[in-house]
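Heads up, the thing below is written out as structure tokens.
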Amino acid sequence: LTYHQPSPGVQAVMGQLRRTAQDFMAFLDASMPECREKSLAVTAFEESMMWAMKALSLTDPEGRVISP
């Protein structure tokens, strides 16, 4: 396995994405009652965030690949 260290520019984008995700999660918490469907929505959103972060990291032309 390798680690893809994103460049400072992509790290800034990732930070912005995290803040936007936190705002969205706060909106879900404030606007929906606890239920199975909300749990599924949160899980799906968390998964989409994981893939978005991975896409940013793996496609960063200025990033570094670090092998263990």
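Taking the 0 to 90 degree range and rounding to the nearest ten, how far is the long axis of helix 36-58 tilted relative to the main principal axis of the chain, both from C-alpha atoms?
Value to nearest ten degrees: 10.
Kindly express, to the nearest 10 degrees and within the range 0 to 90, the angle between helix 8-31's C-alpha long axis and the longest C-alpha principal axis of the chain.
Compared with the principal axis, the helix lies near 10 degrees.
Expressed as a whole percentage, what fraction of the accessible surface of the chain belongs to carbon and sulfur atoms when a 1.4 Å probe is rolled over the protein heavy atoms? Show your work: numbers first, answer last.
Details: 3210 of 5170 Å².
Carbon-and-sulfur percentage of accessible area, whole number: 62.
Check residue 4: other-chain or 5+ apart residues with amide H under 5 Å from its amide H, H built from backbone geometry?
HN-HN under 5 Å from residue 4: 66.
Show that you can apply the helix-only estimate: for the chain, add -39,500 (n - 2.57) for every DSSP H stretch of four or more residues, divide by all residues, and state [θ] at 222 nm to the nearest 500.
Roughly -24500 deg cm²/dmol at 222 nm, from the helical runs in the chain.
Evaluate the distance, in nm, between pseudo-label points positioned 7 Å from the Cα of residue 45 and of residue 28 along their respective Cα→Cβ axes.
Distance between the two pseudo-spin positions: 0.4 nm.
Suppose all protein chains stay in the model; what accessible area per residue would a 1.4 Å probe give for the chain, in Å²?
76 Å²
Using a Gaussian network model of the chain whose springs link C-alpha atoms within less than 10 Å, name the residue from 25, 53, 14 with the highest mean-square fluctuation.
Residue with maximal mean-square fluctuation among 25, 53, 14: 25.
Using the basic label-point model (7 angstrom from Cα toward the beta carbon), what is the residue 66 to residue 54 distance in nanometres?
Each label point lies 7 Å from its Cα, and together they span 2.0 nm.
What longest range of the chain stays clear of loop-exposed GluC sites (Glu not before Pro) (DSSP non-H/G/I/E/B, at most 15 other C-beta within 10 angstrom)?
It runs 1-33.
The values are calculated or read from the model by the stated rules, or taken from the named source; none is laboratory data. If you're wondering where the values come from, they're calculated on a predicted model, not measured in any experiment. Cβ sites come from the backbone with ideal geometry, for glycine too, and all protein chains shown count toward neighbours. With ligands, DNA and RNA removed, areas are computed over all heavy atoms of the protein, side chains included. Shrake-Rupley method; radii C 1.70, N 1.55, O 1.52, S 1.80 Å.
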